[in-house]
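The values are calculated or read from the model by the stated rules, or taken from the named source; none is laboratory data. Note that the structure is predicted; figures quoted are calculated from it, not measured. No Cβ is skipped: glycine too gets one built from the backbone with ideal geometry, and neighbour counts run over all protein chains shown. These area figures cover heavy atoms from the full protein model, side chains too; ligands, DNA and RNA do not enter into them. Shrake-Rupley method; radii C 1.70, N 1.55, O 1.52, S 1.80 Å.
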Amino acid sequence: MRLYVYVLQARDLPAKDSYVKVQVGRHKSKTWTVKGTQNPAWNEELVFRVHDLDEEVVLSVFHPEGDAANGMFGGSGELMGRARVPLQSVAGEDKQTLPPTWFPLERHKAGKFINKDCGKILVTISLRGKCHDNLTDNHMASSGVHKNEGEEMDPSSKGTGATHKTHDGKHLVKAVANRLEKIFSKNNEGPWTEDSSEVSAATSDYEDCAEESSSDHSFEEAMERMKSHSSGQDLPENLQGGILLDRIFAVPPYDLNAVLFGPDSQFRRDLVNLQGTTDVKEGPWTWKAGEISRLTRVVSYTRAATKLVKAVKATEEQTYLKADGNFFAVLVSVSTPEVPYGNMFDVELLYKIMPGPVQANSGEESSHLLVSWEVQFLQSTMMRGMIEGGVRQGLKESFEQFMDLLAQNFKMMNTSDSLHKDQVLASLEGGHKSDWKSAFQYFCNLTVIFTIAMFFYVISHIVMSKPSEYQGLECYGVDLPDSFGELVTCGILVLQLQRVYYMVLHFVKARLQKGGDHGLKAQGAGWILTVALIEGMNLASLDSTGLPDPYVVLTCNGRMRTSSVKLQTCDPQWNEVLEFDAMEEPPSVLDVEVFDFDGPFDQATSLGHAEINFLKHTATELADMWVFLEGKLAQSSQSKLRLRIFLDNNNGVETIRDYLTKMEKEVGKKLNLRSPHRNSTFQKIFGLPAEEFLISDFTCSLKRKLPLQGRLFLSARIVGFYANFFGHKTRFFFLWEDIEEIQILPASLASVGSPTLVIVLHKGRGLDARHGAKSQDEEGRLCFYFQSFVSFNVASRTIMALWRTRTLTPEQKAQIAEEQQDQENGIISDDLGSILGGEDAQMSKIYGSELPVSISSLMEVFSGGELEHKVMERSGCLNYATTAWETVKLGVFERSVSYKFNRHVSIFGGEVTCTQQKTSNEDGWTVNEVMALHNVPFGDHFRACSRIVHFRYQIVKSVLTHSSCKCDAYMGILWLKSIKFQQRISRNVTEKFTHRLREIFGLVEKEIL
């Protein structure tokens, strides 16, 4: 039962500023403060919930003091008088309504108003089970009182004969006041008094009443009304946090909308019971006024407690953005102020319901349900990453239950069409802007407009001016400025024209400098990774006055793909598709790094990097995600990239069978393909995506403070442990790539006679599994101890084999490198023959000098001896290795050279393989060198284009002295396939090697002399 107290006005109060505090039992509320009058009029309605009619309504009139005088509710005041009204007297009135009545105020026994007349107060009180019973009668009586303020009424008197007055405006004022009160209560950081919190409670009660009054239409009628408001509106874009759910259900869109958001939905009740939610209160759907009227409601509930977070209250504000009968979009804003840092953020969910494909067999309609999320930060905080990670994990668990329950009610159809990469990638084709549109957007700025205006202004002045006589130092054809004003004007015009020229130059480069691996199709059968690079946002700029030239490098399983370079932009739009060749095992992570491009040998600076773990994201999330970049520059600018990632197995089960067959040779035992049920159970235990498959599992004990018996699971990408000790579940996993070292400790008494397998992770890796680690070593690496295997030899051999295969030991890398080097040498030899035969011999001189050393001394640098190694190592060559000179034909010798650049030469540490030929002649020697560059930016792209660097050194006797020689070096770059970056890269490589040759021959001269 609700009690409505209408505080109308007061008369003859002892002070000018006043407000009224109303108390019913333990519940309190109060009015606004009216200033500057001893006869205030409040005209406020206060609502209370009443359970006992033996209580009384206490009306206390206060004079505000201190902070209370400056605000609506805060602070305290001096009591001026008090009146009491028993609820029994209200219940005994006709229709349980006490008409407007004047009550004298009793003096307080203490305070500064004890010797003054306290005045009287006019109120009306109504006690009803529903909000709007007899409301008109009370308002008519209230209106009559305001028109006859001079008449004082007895407690038993009733207002009759008063004229009716509409109170819609009054209700609107109260709703606005209550909304402002909520805002002030939410934003106030200081502690609120008990009274103010009770005001909020009373206000909420009134709002419930107001919503009921406006909810006189059914949900179906509201949907019909929404059709007119939604005509011509497009569906909103997905929120940037990612996709939580993307499924197709065999139910019409209108029915699915009613199930999810209709009042008293049975699905909602079942979901509440499943998730353990309590205290659920669903408000009615009401119309929210604004620029566009929206249908909205408020839902409050208490979320069930978890292991990390206690039970907390949450409030959802659900708003329809579109509802035309076929397409529905509902934005849900969730506020949880009781969670850690809860006042700093709100969580937004966007539900989109769209028509799905018609079922071929039955012809029935289907619905495509897509749910995206985002965290809206109300304040800036350093805990942004932690908050987003916690929200992501909580939403993922919640929507797993949501999808399972929805799948029980409606048949879930195959969603391959909704996530099919061909559809998504085809949609990117329309995203490219025309050159004219890009030019208009680029040049439409104040600089260009001002320059053009100033240029035409000067030209017009020249045309309109008459020839003048020569003055000062002027002569025929030379017209000098005649004043400092003319000189300044000319200087400004020249600077502006120069600036516009550079803008035009940057635009031309941006349109011409395209390249990268966009468009290269994946080859082979197996796991194919396709990445659609959409756009970047807020990329950092190294120069405060300039813009970066960003490009993206993607690395997965040791393979690299690069995007095109976008010049002079912090918000690049790529819309490019990068595909990786087929892989035997599914990839674990994708490394993403953004660089500012200035050539492969310049000190390129990373603008940010990120790592995408495929095991922590579903296929739905990967299909459209924003990736925040890490690094000082990226975090300060809040840089991020938008990617669409698809991982497909184009060979089905055969890919897995081939992988297991390969592993059998390494493990030394038969590996069988596990059943779908076993794989599904394994995936659910660790929350893994559907493509993860189990290879083997072993019973073992995890050694921590106390041993814990469980099972160790091995798959193609992870090592996972799971134990269930009387309902207390322990589970964790880490990637094979996270493992730095595996040790085997012999059996001891501490291990109960069983050998121990110790897995040591790289520093900073596997942090999600740190609760399973026994210790952390001096370097900060996590160490996991496993023992008590049924067959330790089988388990350790299997683990070691899988780790070696996944991460590749240095010996295996060396073997692969040798095989690749043999292949490269074959290619280089063929190229060398074509070069020596006179093909593509476009050489340019990059070095020439007279050296005060003999020819034989200088040729020591090509001998493979101590001098050569010493000089090359000092010039920045690591792992420098040469083969012996072999005779190819009479007077012609050949050898191979390999080394790696250090970080001072190339930030990317590129590798080099060379083939050198030396030929003697009458005057000296000629050395031809063919060099192939590896692992530099665009390395795969350059290898695909077969870029070869050709050097020729001509060492002859000097004509000046007998003890000196002349050395000339020529260089050319052989391109077997032309690309648009050719000129820029050739210039960068030429400049770098010119500097290197000067440094090398300078070191040779110092060492010899």
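Among the residues in region 278-298, are any surrounded by fewer than 16 Cβ atoms within 10 Å (Cβ to Cβ), within 25 Å of residue 408 (Cα to Cα) and in contact with a helix residue (DSSP H, G or I) (Cβ under 7 Å, 6 or more places away or on another chain)? Scanning region 278-298, I find at least one residue that is surrounded by fewer than 16 Cβ atoms within 10 Å (Cβ to Cβ), within 25 Å of residue 408 (Cα to Cα) and in contact with a helix residue (DSSP H, G or I) (Cβ under 7 Å, 6 or more places away or on another chain), so the answer is yes.
Can you confirm whether residue 241 is modelled with pLDDT of 50 or more and at positive phi? No: the conditions fail for residue 241. Annotation: of all residues in region 657-691 being in contact (Cβ under 8 Å) with a residue 40 or more places away in the chain and β-branched (Val, Ile, Thr), the one that is least open to solvent (accessible area, probe 1.4 Å) is 667.
Per-residue answers, yes or no, for (1) surrounded by 18 or more Cβ atoms within 10 Å (Cβ to Cβ); (2) within 30 Å of residue 374 (Cβ to Cβ):
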residue	(1), (2)
594	yes, yes
611	no, yes
618	yes, yes
632	no, yes
635	no, yes
647	yes, yes
651	no, no
654	no, no
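For region 720-771, the set of residues classified as touching a His at 6+ places or on another chain (Cβ under 7 Å) and open to solvent by less than 70 Å² (accessible area, probe 1.4 Å) consists of 732, 738, listed by residue number.
Residues in region 878-895 that are in a strand (DSSP E or B) and open to solvent by less than 30 Å² (accessible area, probe 1.4 Å) were compared, and the one that is farthest from residue 934 (Cα to Cα) is 892.
If you go through region 12-42 and keep only what is more than 18 Å from residue 58 (Cα to Cα) and assigned to a strand (DSSP E or B), you end up with 34, 41.
Among the candidates 813, 845, single out the residue that is of a type in the set (D, E, K, R) and at pLDDT 50 or above. Walk me through how you get there before you give the answer.
Values: 813 fails: at pLDDT 50 or above.
It is 845.
So which residues in region 985-1009 are modelled with pLDDT under 80 and open to solvent by 50 Å² or more (accessible area, probe 1.4 Å)? If the condition is that a residue be modelled with pLDDT under 80 and open to solvent by 50 Å² or more (accessible area, probe 1.4 Å), then 1009 is the only one that fits. Of 738, 768, all but one fail to be charged (D, E, K, R) and at pLDDT 90 or above; the exception is 738.
Can you tell which of 399, 377 is closer than 19 Å to residue 275 by Cα and in the same structural domain as residue 337 (by the TED database)?
399
If you check 898, 844, 857, 875, which single one turns out to be closer than 24 Å to residue 921 by Cα, surrounded by 17 or more Cβ atoms within 10 Å (Cβ to Cβ) and among the small types (Gly, Ala, Ser)?
On the way: 898 fails: closer than 24 Å to residue 921 by Cα; 844 fails: surrounded by 17 or more Cβ atoms within 10 Å (Cβ to Cβ); 875 fails: closer than 24 Å to residue 921 by Cα.
Every option except 857 fails the conditions.
Reported count of residues in region 325-345, each being open to solvent by 50 Å² or more (accessible area, probe 1.4 Å) and closer than 20 Å to residue 236 by Cβ, is 2.
Quick check on my filter: what residues within region 901-922 are assigned to a loop (DSSP other than H, G, I, E, B) and either within 18 Å of residue 951 (Cβ to Cβ) or open to solvent by 80 Å² or more (accessible area, probe 1.4 Å) (or both)? Spell out how you get there, then give the answer.
Restricting attention to region 901-922, the residues satisfying the condition of being assigned to a loop (DSSP other than H, G, I, E, B) are 902-910, 921-922.
Result: 903, 904, 905, 906, 910, 921, 922.
Of everything in region 773-786, what is part of a strand (DSSP E or B) and either without any contact (Cβ under 8 Å) to a residue 12 or more places away in the chain or out of contact with any strand residue (DSSP E or B) (no Cβ under 8 Å at 6 or more places or on another chain) (or both)? Give them in sequence order. Even if it seems obvious, please write down each step before you answer.
Filtering region 773-786 down to residues part of a strand (DSSP E or B) leaves 775-776, 782-786.
Answer for region 773-786, where residues must be part of a strand (DSSP E or B) and either without any contact (Cβ under 8 Å) to a residue 12 or more places away in the chain or out of contact with any strand residue (DSSP E or B) (no Cβ under 8 Å at 6 or more places or on another chain) (or both): 775, 776.
Tally up the residues in region 787-809 that are hydroxyl-bearing (Ser, Thr, Tyr) and in a helix (DSSP H, G or I), please. Please lay out each step first, then the result.
Initially, region 787-809 is screened for residues hydroxyl-bearing (Ser, Thr, Tyr), giving 788, 791, 796, 798, 805, 807, 809.
Next, only the ones that are in a helix (DSSP H, G or I) stay: 796, 798, 805, 807.
Looking only at that region, the number is 4.
I'd like the full set of residues that are aromatic (Phe, Trp, Tyr), over 22 Å from residue 314 (Cβ atoms) and in a helix (DSSP H, G or I), limited to region 236-285. Let's see the steps before the verdict.
Of all residues in region 236-285, those aromatic (Phe, Trp, Tyr) come to 249, 254, 261, 267, 285.
Among the residues that remain, those that are also over 22 Å from residue 314 (Cβ atoms) are: 249, 254.
Across region 236-285, the qualifying residue is only 254.
Counting only residues that are part of a loop (DSSP other than H, G, I, E, B) and under 27 Å from the mean Cα position of the chain (by Cα), region 670-683 holds 0 of them.
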